[in-house]
1. Six or more apart or on different chains, Cβ atoms under 9 Å: show the pairs whose first residue is in region 52-67 and touching a residue at least 24 places away in the same chain (Cβ under 8 Å) and within 15 Å of G39 (Cα to Cα) and whose second is surrounded by 13 or more Cβ atoms within 10 Å (Cβ to Cβ) and among the acidic types (D, E).
2. Under 6 Å between Cβ atoms, at least 6 apart or on separate chains: pull out the pairs that start in region 28-43 with a residue that is modelled with pLDDT of 90 or more and end on any residue that is of a type in the set (S, T, Y) and loosely packed, with under 15 Cβ neighbours inside 10 Å.
3. Considering only residues that are under 17 Å from the mean Cα position of the chain (by Cα), more than 16 Å from L63 (Cβ to Cβ) and of a type in the set (D, E, K, R), which ones fall in region 23-53?
4. Scan region 1-11 residue by residue and report those that are part of a helix (DSSP H, G or I), over 15 Å from L75 (Cβ atoms) and not hydrophobic (A, V, I, L, M, F, W, C).
5. So which residues in region 12-60 are outside any helix (DSSP H, G or I), among the aromatic types (F, W, Y) and surrounded by 11 or more Cβ atoms within 10 Å (Cβ to Cβ), if there are any at all?
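The values are calculated or read from the model by the stated rules, or taken from the named source; none is laboratory data. This is a predicted model, so every value here is computed, not measured. Virtual Cβ from ideal backbone geometry, glycine too; neighbours counted across all protein chains shown.
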Amino acid sequence: MTGSTVLLRLNLHFGRFARDATGVILVGTCADDAVALAGVSREPYFTPLVDLLSVWFGWGSYLVVVSIGLAGLALLRRDQEDNFFLGILSPSNSFFS
């Protein structure tokens with residue numbers, strides 16, 4: 001078997017599980033980071049990440065956290081017929097093009 005055949009078989013076998021697990025991890029990280037950015041919690045695990053986001057992005061760190069959450073939700077909703085997030089983003093994409 002070639003390398004691409006092995007990757008295809010892995011995707012067919014574990015693809016949906018991997019997407020769901022990644023989506024749940026991203027949504028959970030978004031929730032924890034949002035709580036830490038709001039100053040409600042000072043968990044030692046998220047404090048360095050939140051400090052780094054605040055230094056790099058300033059107020060944009062909230063947008064980064066929301067983007068992480070939307071990416072997680074998009075992974076969880078990937079197999080559904082209508083793509084909710086493309087419907088939201090398409091007006092802004094047409095505005096900037």
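1. S61/D33; V65/D33
2. V35/S41
3. Within region 23-53, just D32 meets the criteria.
4. G3, S4, T5, R9
5. Within region 12-60, F46 is the sole residue that qualifies.
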